[in-house]
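The structure that follows is given in the form of structure tokens.
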Amino acid sequence: MNFLDSLRDRVLVCDGAMGSVLCESGVFPNRSYDELNLVEPQRVADVHRAYVSAGADVIETNTFGANRVKLTNFGLAGRLADINAAGVRLAREAAGPSGFVAGAIGPLGVRVGGDGSTTVEMAESRFAEQAAALLEVGVDLLLLETFGEVTELVAAVRAVRRLSDLPIGAQMATGEDGLSADGISPEQFARTLSSQGATIVGVNCGAGPAATLESLERMADATAAPLSAQPNADGPREVDGRRLALSSPQFLASYARRYVAAGAGLVGGCCGTTPEHIARITQAVAALPAPRRIPVRPTASV
């Protein structure tokens, strides 16, 4: 099956964190993790394979920050195409013939539109450049994730949709109140992203499993599009006067079942999650029916 057919057929599990796992393995946090696709590919491949062994159906490329703006900060702008291409090849080799590869695209790292330092038009150009490099090698979908402001995520969706009719997952990072950094509600950004060409809309990173569930439930009332959820492993919280670390794989897996019940057909993890978290999520959702939501099949525009 292709990705959309599989999404209709069963709940799909995405992988978890790349950066957190690389950091734990000894990679310094102040370097370009995307460059590792070229200079330490085995380290990246090992993370991918660990997630495949944990049961992940979808492997994200290690390209979250592989756009021209962020790569320029490391003197790597001239390697943009090579870094993205290598990221796809590493993910594809690990995923194998039965897995799906998602081309990961993150924010530019600068303010877009309004009083920001980059115009919407320039942002679209930057996103299109990275997307083209990912598409050139061959991905099954594009996953746009951890965006704090809707204006920037819409620019990314529009840029990708002009290039391809492949599925696009568009995920916002929200706060405890469910709002994006620019104050947009889950209902609003779910409708906006769907109308701009996103195939899947969802929430990732942000405030943790519980807040993710609340945002997801609100999104489900606003759009018929498939939903996705990839929360962080939750940090310490105060519960009945006690400080508890609610970050265990079992804890996150219990929420994964609730995400599916709320309409999520794609579940996984973000910062702090590991292959063990994904293994537990895979077990938790294995017998659940896929939510009956309607993927849109848009036509690429020029």
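Any idea what diffusion coefficient region 34-114 gets from Stokes-Einstein, in µm²/s, Kirkwood Rh on alpha carbon pairs, 4 °C, 1.567 mPa s?
The estimated diffusion coefficient comes to 99 µm²/s.
Among the DSSP beta bridges whose two residues both lie in the chain, what percent are antiparallel, rounded to the nearest 5?
Around 15 percent of the beta bridges assigned by DSSP in the chain are antiparallel ones.
To continue, here is another question. Helix-only estimate, please: 222 nm mean residue ellipticity of the chain, summing -39500 (n - 2.57) across DSSP H runs of length 4 or more and dividing by its residues, to the nearest 500.
Calculated from helices alone, the mean residue ellipticity at 222 nm is -13000 deg cm²/dmol.
While we're looking at this one, here's another question. What is the chain's relative contact order, in percent, from Cα pairs under 8 angstrom and six or more apart in sequence?
Computed over the chain, the figure is 21 percent.
From zero up to wherever the largest Cα-Cα distance of region 3-285 sits, split into 5 Å bins and tell me the percent of pairs in each.
Result returned by the calculation: 1, 6, 14, 18, 21, 18, 13, 7, 2, 0, 0.
State the Cα centre-to-centre distance between region 258-295 and region 135-197 in whole Å.
19 Å
Values quoted throughout were computed directly from the atomic coordinates according to the rules given, and no laboratory measurement underlies them. The structure displayed is predicted, hence computed values, not measured ones.
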